[in-house]
Amino acid sequence: MNLEKQLTKIISETLGVEEEKISLDSDFYTDLNASKLELVDLILACQQKLNINLSEEAINEIKTVADLLKLFEEGTDEI
């Protein structure tokens with residue numbers, strides 16, 4: 001399973017959104033109706049399942065699914 005599919009599955013499970021409604025352009029706040037706390041929970045779940053850590057600064061920059069995917073693809077602690 002590629003990283004995008006894994007991420008979509010984790011987002012779906014964590015936020016309770018159908019996978020079909022999640023795209024790279026989906027904004028966590030406006031499209032997926034996530035709160036800041038839910039986004040933090042999602043990022044923690046992703047970090048645990050994908051074994052990649054993100055810095056707090058990077059987490060604050062995430063707005064869309066593509067933003068999050070890019071950070072995990074880079075596998076870095078920096079944005």
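The set of residues in segment 28-79 being of a type in the set (D, E, K, R) and within 25 Å of Glu18 (Cβ to Cβ) consists of Asp31, Lys36, Glu38, Asp41, Lys49, Lys63, Asp67, Lys70, Glu73. Quick check on segment 60-73. Is at least one of its residues at pLDDT below 90 and either β-branched (Val, Ile, Thr) or in contact with a Phe, Trp or Tyr (Cβ under 9 Å, 6 or more places away or on another chain) (or both)? No, every residue in segment 60-73 fails to be at pLDDT below 90 and either β-branched (Val, Ile, Thr) or in contact with a Phe, Trp or Tyr (Cβ under 9 Å, 6 or more places away or on another chain) (or both). Of the residues making up segment 23-72, just one is free of Cβ contacts under 8 Å to residues at least 12 places away in the same chain, within 18 Å of Glu4 (Cα to Cα) and hydrophobic (A, V, I, L, M, F, W, C), namely Leu44. Taken as a whole, segment 4-23 holds no residue that is surrounded by 14 or more Cβ atoms within 10 Å (Cβ to Cβ), β-branched (Val, Ile, Thr) and at pLDDT below 90.
For segment 29-45, the criterion of being outside any helix (DSSP H, G or I), modelled with pLDDT of 90 or more and in contact with a strand residue (DSSP E or B) (Cβ under 8 Å, 6 or more places away or on another chain) is met by none of the residues.
Output the number of residues of segment 55-65 satisfying the condition of being in a helix (DSSP H, G or I) and loosely packed, with under 15 Cβ neighbours inside 10 Å. Talk me through it step by step, then tell me what you get.
The first filter runs over segment 55-65 and keeps only residues in a helix (DSSP H, G or I), leaving 56-60, 65.
With the extra rule that they be loosely packed, with under 15 Cβ neighbours inside 10 Å, the set shrinks to 56-57, 60.
Looking only at that region, the number is 3.
The values are calculated or read from the model by the stated rules, or taken from the named source; none is laboratory data. If you're wondering where the values come from, they're calculated on a predicted model, not measured in any experiment. Counting neighbours? That spans all protein chains shown, and the Cβs are built from the backbone with ideal geometry, glycine included.
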